[in-house]
1. Could you grab the pairs with beta carbons closer than 7 Å, sequence gap of 6+ or different chains, first residue in the stretch 141-152 and of a type outside the set (D, E, K, R), second one at pLDDT below 80?
2. Can you tell which of 69, 129, 121 is within 12 Å of the ligand (Cβ to nearest atom), on the phi < 0 side of the Ramachandran plot and of a type in the set (A, V, I, L, M)?
3. Looking at the structure I just gave you, is residue 155 of a type in the set (A, V, I, L, M, F, W, C), at pLDDT below 95 and surrounded by fewer than 16 Cβ atoms within 10 Å (Cβ to Cβ)?
4. Can you pull out every residue in the stretch 81-101 that is more than 9 Å from the ligand (Cβ to nearest atom), free of Cβ contacts under 8 Å to residues at least 40 places away in the same chain and in a strand (DSSP E or B)?
5. How many of the residues making up the stretch 7-21 are near the ligand (Cβ under 9 Å from one of its atoms) and either buried (at least 17 other Cβ atoms within 10 Å of the Cβ) or of a type outside the set (Asp, Glu) (or both)?
6. Filter the stretch 52-73 down to residues that are touching a Gly at 6+ places or on another chain (Cβ under 6 Å), among the aliphatic types (A, V, I, L, M) and surrounded by fewer than 24 Cβ atoms within 10 Å (Cβ to Cβ), then give me how many there are.
7. Quick test for you: out of 194, 145, 162, pick the one residue that is under 20 Å from residue 28 (Cα atoms), modelled with pLDDT of 70 or more and assigned to a helix (DSSP H, G or I).
Amino acid sequence: MREVMQEASTRKIYDIQSSFYDGTFGRLVRRRVEIAISHMNITQTDRVLDLGIGTGQSLNFYPTFGRIVGIDLSSGMLRQCSRKIDERELSHATLLQADAMRLPFADDSFDHVFISHVISVVSDPIKLVIEAQRVAKPGARIVLLNHFQSTNRFIALVEKWLCPLCTKLGWRSDLPLQDLIRETGLEIDYRYKLESIDLWETVVVRNNKSAVNPAGRRNIRKRLPVLAA
Ligand SMILES: C[S@@+](CC[C@H](N)C(=O)[O-])C[C@H]1O[C@@H](n2cnc3c(N)ncnc32)[C@H](O)[C@@H]1O
């Protein structure tokens with residue numbers, strides 16, 4: 001119930017943000033999105049799932065072949081995204097309004113999954129990663145671009161302290177990557193930051209289905225408490 005409430009408030013926050021997202025937060029992260037997508041090595045016949053595609057900034061950087069499926073909760077964000085698809089005649093891209101934690105796709109449907117600035121927005125980040133692992137083919141590339149809690153104890157404390165404010169803007173600042181890895185069995189190929197001091201990190205994963213941690217689902221509430229709506 002609490003999860004449903006949080007997703008409802010997230011949807012409202014991003015409906016509002018949709019009119020100014022590209023000129024604000026979107027502008028800040030555009031270069032990172034471009035570089036992260038270049039790490040996917042998308043080929044002609046690949047199917048790509050963009051979870052929480054937002055206003056579709058990523059569409060600037062995907063190749064014009066293959067199949068791109070974007071999903072998002074917010075109809076405002078999807079409207080902006082749909083406009084870009086129409087203007088640029090991107091017939092290889094389709095959109096769907098759906099919850100990234102309950103994906104309407106069969107197992108092993110995608111060659112790449114892109115999760116850009118979404119994992120710290122949803123009420124249950126582990127559920128989202130487990131869904132991404134499920135719909136991605138074995139060996140598929142899952143690319144996470146996000147802010148993760150610092151491993152420096154002082155900075156982590158500040159991030160925790162700032163979290164209630166960030167929540168009002170639609171994301172959490174205190175998500176530890178180590179917990180995600182432990183609870184989902186994510187196997188990281190490599191990870192990088194663009195600057196030596198950088199709030200965001202890109203994590204590139206090869207989907208190893210046999211490494212998925214079945215206990216992750218049970219532990220989520222203990223490890224990562226749901227944010228207040
Ligand atoms: C910070 S924006 C990131 C947008 C885009 N990926 C980018 O990097 O510019 C977060 C997006 O995630 C979407 N979102 C939040 N919770 C979601 C959920 N449970 N399922 C699908 N999309 C969700 C929001 O509506 C919003 O468009």
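The values are calculated or read from the model by the stated rules, or taken from the named source; none is laboratory data. The shown structure was predicted, so the numbers you read here are calculated from the model rather than taken from an experiment. Every residue, glycine as well, gets a Cβ built from its backbone with ideal geometry; the counts of neighbours run over all protein chains shown.
1. What qualifies is 147/173; 149/156; 149/159; 149/174; 150/156; 150/159.
2. Within the list 69, 129, 121, the selection yields 121.
3. Yes: the conditions hold for residue 155.
4. 93, 94, 96
5. Summing the residues that are near the ligand (Cβ under 9 Å from one of its atoms) and either buried (at least 17 other Cβ atoms within 10 Å of the Cβ) or of a type outside the set (Asp, Glu) (or both) in the stretch 7-21 gives 8.
6. 0
7. So the residue among 194, 145, 162 that is under 20 Å from residue 28 (Cα atoms), modelled with pLDDT of 70 or more and assigned to a helix (DSSP H, G or I) is 162.
For (1) under 28 Å from residue 186 (Cβ atoms); (2) more than 18 Å from the chain's Cα centre (by Cα), each residue gets a yes or a no:
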| site | (1), (2) |
| --- | --- |
| 18 | no, no |
| 59 | yes, no |
| 71 | yes, no |
| 74 | yes, no |
| 91 | no, yes |
| 100 | yes, no |
| 117 | yes, no |
